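Taking it in order: structure first as structure tokens, then the write-up.
The values are calculated or read from the model by the stated rules, or taken from the named source; none is laboratory data. Note that this is a predicted model, so its numbers are computed, not measured. Every residue, glycine as well, gets a Cβ built from its backbone with ideal geometry; the counts of neighbours run over all protein chains shown.
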Amino acid sequence: MKDKAVTARQLVLISLLVTMASILHIIEGLLPAIPIPGARLGLANIITLTTIVSIGYGEGLAVTIGRSVLGSLFGPGIISIGFAMSLVGGLLSWAIMSFAHKFCKIFFSIISISLMGSISHNFAQLVVASFLVEEIAIFKLFPMLMIFAVPTGIMVGLVSRYLIQALGKIPHFNSRS
Amino acid sequence: MKRGDIIVLIVLLVILLAGVYFYFFHQNSQGTIVIQVDGKTTSSFPLCQEGRDEVIDVHGINGITTVLLQDGKVRVIESACPDKICVGSGWLRSSAGAIVCLPNRVVIKILDYEDKDIDLR
């Protein structure tokens with residue numbers, strides 16, 4: 001954020017992004033469950049990644065928290081395993097993706113950043129799951145989760161790349177560059 | 001394709017190969033099936049026992065998880081949870097992997113050797 005105060009334009013922009021991410025989150029929850037705890041498509045990650053790359057890190061954090069809370073309210077409820085998993089996973093993947101974008105932008109492409117995000121999201125979800133059942137053996141599922149995380153991460157990265165290109169043409173959207 | 005992408009690809013490939021090794025070259029017939037509820041071991045069975053076709057009920061947090069034990073494999077056939085991820089997990093045959101029912105806090109895992117649960121923790 002360039003200004004200290006949040007302008008109306010920023011507020012509207014963040015609200016729109018939170019809405020889109022929440023809807024993707026809810027749609028994802030309606031799809032049939034993949035038989036591994038924590039495996040998801042990560043569609044909402046498209047919006048998080050786009051926000052981080054084209055608007056800013058703070059806005060990305062707002063979108064992550066907002067969509068976890070809203071998506072869980074419309075889905076399984078706020079006190080649920082799904083909420084804890086999506087919030088912790090979202091926060092870790094936001095942190096990793098922001099770090100990778102801030103310090104290694106020249107080094108990594110958007111697809112790589114998205115892959116790191118989806119893998120760290122799954123990792124954080126396994127951490128939450130292992131705390132819930134107090135069993136470390138859950139991490140044996142990590143290689144299995146990777147089989148889902150890698151294709152979905154690449155897909156999310158591709159979608160985000162085209163989305164960022166398209167949104168860059170809209171004035172006031174691309175406030176970073 | 002940037003330079004960092006190649007590093008990411010190599011790391012992914014290494015993890016993938018490790019996973020393949022882990023899942024396909026890690027078979028053992030001398031195992032123990034361990035069933036845990038909320039972090040506490042409630043029952044354990046030998047992995048291999050010829051002609052076994054046993055159905056047991058595990059009392060989880062939300063209800064009963066029905067587990068089917070056969071010779072060298074184990075699966076969940078019915079569970080009192082909303083998402084049925086544990087039922088969809090299918091058969092568990094080796095120590096690679098685990099069947100987890102998060103809403104019911106039930107974990108089914110296989111130990112490579114007989115009753116070494118305390119050592120592994």
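Scanning region B:50-72 for residues that are free of Cβ contacts under 8 Å to residues at least 24 places away in the same chain and closer than 15 Å to B:Leu111 by Cα yields a count of 0. Among the residues of this structure, A:Ile65 does not count as one that is out of contact with any strand residue (DSSP E or B) (no Cβ under 7 Å at 6 or more places or on another chain), away from every other protein chain (no Cβ under 11 Å) and free of Cβ contacts under 8 Å to residues at least 12 places away in the same chain. Only residues that are closer than 19 Å to A:Asn122 by Cβ and at pLDDT 75 or above were counted in region A:21-39, giving 6.
Among the conditions (1) more than 9 Å from chain B (Cβ to nearest Cβ); (2) modelled with pLDDT under 80, A:Lys102 misses just one, which is (2).
Where strands (runs of 3 or more DSSP E) fall wholly inside region B:68-117, the ranges with 1 or more residues that are facing another protein chain (nearest Cβ under 9 Å) and within 12 Å of the chain's Cα centre (by Cα) are B:99-101, B:106-111. Of A:Phe142, A:Phe107, all but one fail to be modelled with pLDDT under 90, closer than 24 Å to A:Gly157 by Cα and not in a helix (DSSP H, G or I); the exception is A:Phe107.
Residues in region B:1-19 that are in a helix (DSSP H, G or I) and of a type outside the set (A, V, I, L, M) were compared, and the one that is nearest to A:Leu115 (Cα to Cα) is B:Asp5. Counting only residues that are more than 9 Å from chain A (Cβ to nearest Cβ), at pLDDT 75 or above and surrounded by 13 or more Cβ atoms within 10 Å (Cβ to Cβ), region B:1-31 holds 2 of them.
Criterion applied to A:Ser86, A:Ser80, A:Ser109, A:Ser15 was being of a type in the set (S, T, N, Q) and crowded, with 22+ Cβ neighbours inside 10 Å, and the one residue passing it is A:Ser86. Of note, A:Ala124 does not satisfy the criterion of being more than 14 Å from the chain's Cα centre (by Cα) and either in contact (Cβ under 8 Å) with a residue 12 or more places away in the chain or within 11 Å of chain B (Cβ to nearest Cβ) (or both). Look through region A:93-121, keep the residues that are of a type outside the set (A, V, I, L, M, F, W, C) and free of Cβ contacts under 8 Å to residues at least 40 places away in the same chain, and return whichever of them is nearest to B:Val34 (Cα to Cα). That would be A:Ser120. It is to be established whether one or more residues within region B:34-51 are among the charged types (D, E, K, R), at pLDDT below 80 and surrounded by fewer than 16 Cβ atoms within 10 Å (Cβ to Cβ). Yes, some residue in region B:34-51 is among the charged types (D, E, K, R), at pLDDT below 80 and surrounded by fewer than 16 Cβ atoms within 10 Å (Cβ to Cβ).
Evaluation of B:Val58 against the conditions (1) more than 9 Å from chain A (Cβ to nearest Cβ); (2) over 25 Å from B:Cys101 (Cα atoms) shows that the sole unmet condition is (2).
Of all residues in region B:52-67, those satisfying the criterion of being in a strand (DSSP E or B) and buried (at least 18 other Cβ atoms within 10 Å of the Cβ) are B:Val58, B:Thr65, B:Val67.
In the set (1) under 23 Å from B:Leu16 (Cα atoms); (2) of a type in the set (Gly, Ala, Ser); (3) within 14 Å of chain B (Cβ to nearest Cβ), the condition left unmet by A:Ser80 is number (1).
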